[in-house]
Amino acid sequence: MSVEHRVRPEVRAMVRPRHGGDVWGRADVRDYSSNVNPLGPPARLYEYMAGAANDMENYPDDSCAELKEAIARRYDVRADNIMMGAGSAELIRLFPEVFVHPGDRVVMPRPTFSEYGFACRLMGARLIDLPLPEDDAFRLDVDDLIGEMVPGTRAVYVCNPNNPTARMLSRGEVLELVEEASRRDIMFFLDETLLELSERDRDVSCVGEVEAHDNLFIIRSFTKSFAMPGMRIGYGFGSREVVRYMDAARLSWNLGTLEQRVAARLMNEEQDHVRRAVAMLVEEKERMRHQISLILDSEVRLPDSYFFFHPLNGMGLTSPQFREAMLRQNVLVRDCSSFGPPCGGYSRFCVKTRDKNEEFLSALRSVVEGIGGGR
Ligand SMILES: Cc1ncc(COP(=O)(O)O)c(C=O)c1O
């Protein structure tokens, strides 16, 4: 007999989310599909790891006390405003486990990062997509989102800047949404994992607002800022009450000893590494925009983040076709079709260091010449 009838209905229909970064076993391929710090991890990362690699015979500190203290100092919040996760992905999963009841209405702009919908569907939520307008370069209209905060809505999701569209809201716009949600008793999930590598981080971040807004939960991650997706270290901020409930429900020992020790050192000693990446990205992003405009012979929009979400209609290619064409040049870009229509006509690729950007541009030139388009 099949096991299907024993499985929860939410799980029976589940399709796993798709992501970029699938370069395993392809030594020659350069990855532009995942958005991590282009400087790579700090040079001393492996030294920190070696220094932390003892005491594995004991369980890790389940409260992550030292690491939380380091994060609290960096962000000027209290340690009990902080949650740790095995990647921010774990906190994306935990949030609806704590706050979303089966049948609840949960609103998220589309396209956005697929893990939010995945986690909410597992909890039996009713997902409401707010399509972002393609004719306005996918800008999120604050009034449109407020219009979706109707009775029965339990939570609203915003990714700032948004993956994959690279559009960013100001702090004022986000706070207007958070406060409107609060008036309507709606939880607000804010993903700031991509914000730390932006020159606007200090002006846009809402981390300082969590104690004053008890409907707000914000995630951040070591993955993007320190280019280390291979270690799973994410964190989140909420009011003490929000954190208390999330902490009550989380997986025990979710961060290993190695992760905790390495992350504390990175937080304390490697902020310059992040700042250097931010300064470089500002310059390289503008340079890439200009060069891509020349290659494609069309105006290219400057993204609010450090990756491009680029329409492929000028080249007459779909997102999977462009990915294949770039792969023949040993360059991996994100096939965006998994984000749903109209993203099958867009590609996402990351800004990197000068040399790597040159390699990307040269691959793009070859693809464009191959199809007889552009200059
Ligand atoms: C917008 C966004 N949020 C969160 C994550 C999860 O990252 P991690 O679990 O590595 O912290 C990703 C990963 O791609 C992402 O793009």
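The values are calculated or read from the model by the stated rules, or taken from the named source; none is laboratory data. Given the structure is predicted, the values throughout are model-derived calculations rather than measurements. FYI the Cβ positions are ideal-geometry reconstructions off the backbone, even for glycines, and counts take in every protein chain you see. Keep in mind that these areas ignore ligands, DNA and RNA; they rest on the heavy atoms of the full protein, side chains included. Shrake-Rupley method; radii C 1.70, N 1.55, O 1.52, S 1.80 Å.
For this structure, a couple of remarks:
- Selected from Phe118, Leu145, Tyr157, residue furthest toward positive end of dipole (the stretch 85-198; charges at beta carbon): Phe118
- Rounded to whole numbers, the Karplus 3J(HN,Hα) couplings from phi for the stretch 302-319 are 6, x, 6, 10, 9, 9, 9, 10, 10, x, 9, 4, x, 8, x, 10, 8, 4 Hz, using 6.51 cos²θ - 1.76 cosθ + 1.60 with θ = phi - 60°, and x at Gly and Pro.
- For the chain, the mean residue ellipticity at 222 nm estimated from helices alone is -11500 deg cm²/dmol, where every DSSP H run of n ≥ 4 contributes -39500 (n - 2.57) and the total is divided by all residues, rounded to the nearest 500.
- Note on the chain: with a GNM built from Cα contacts shorter than 10 Å, the maximum mean-square fluctuation among Ala72, Ala155, Ala166 falls on Ala72.
- Quotient of C-alpha Rg and 2.2 N^0.38 Å, computed over the stretch 1-155: 1.36
- Cα-based values for the stretch 225-375, radius of gyration first and Dmax second, are 19.8, 59 Å.
- For the stretch 140-146, 3J(HN,Hα) per residue [Karplus equation, 6.51 cos²θ - 1.76 cosθ + 1.60, θ = phi - 60°, Hz, x = Gly/Pro]: 7, 8, 4, 5, 4, 6, 4
- The stretch 45-269: antiparallel DSSP beta bridges as a percent of all, rounded to 5: 35 percent
- Exposure of Ile219 as accessible area (Å², to 10), given a probe of 1.4 Å and all protein chains: 0 Å²
- Each of Ser338, Thr318, Gly370 was scored by the projection of its Cα onto the charge dipole of the stretch 311-375, and the greatest displacement toward the positive side belongs to Ser338; charges sit on the C-beta of Lys, Arg, Asp and Glu.
- When the solvent-accessible area of the chain is split by element, carbon and sulfur atoms take up 48 percent of it, the probe being 1.4 Å.
- Taking a straight line from the alpha carbon of Lys68, these aspartates and glutamates sit under 14 Å away, with near neighbours fewer than eight places off in the same chain left out: Asp76, Asp80, Asp247, Glu259.
- Cα centroid separation - the stretch 267-290 against the stretch 90-133, whole Å: 31 Å
- Modelled spin-label separation between Glu57 and Asp144, with each label point placed 7 Å from Cα along the Cα-to-Cβ direction: 6.0 nm.
- Estimated vicinal HN-Hα couplings, Hz - the stretch 249-262 in sequence order (Karplus 6.51, -1.76, 1.60; Gly, Pro = x): 9, 6, 5, 5, 6, 5, 10, x, 4, 4, 4, 4, 5, 5
- Normalised by 2.2 N^0.38 Å, where N is the number of residues, the alpha-carbon radius of gyration of the stretch 45-269 equals 1.00.
- Pair Arg244, Asp214: separation of 7 Å Cα→Cβ label points (nm): 0.8 nm
- Here's how it looks for Ile128: its modeled amide H is under 5 Å from those of Val106, Val107, Met108, which are all 5 or more places away or on a different chain.
- When the alpha-carbon atoms of the chain are used, the pair Rg, Dmax equals 20.9, 62 angstrom.
- Rounded to the nearest 0.05, the FRET efficiency derived from the C-beta distance between Arg8 and Ile128 at R0 = 22 Å is 0.55.
- Lacking any other cysteine beta-carbon closer than 4.7 Å, the following Cys residues of the chain have no compatible partner: Cys64, Cys120, Cys159, Cys206, Cys350.
- Taking chymotrypsin sites (Phe, Trp or Tyr not before Pro) as exposed when DSSP calls them loop and at most 16 other C-beta atoms lie within 10 angstrom, the chain has its longest site-free stretch at 25-252.
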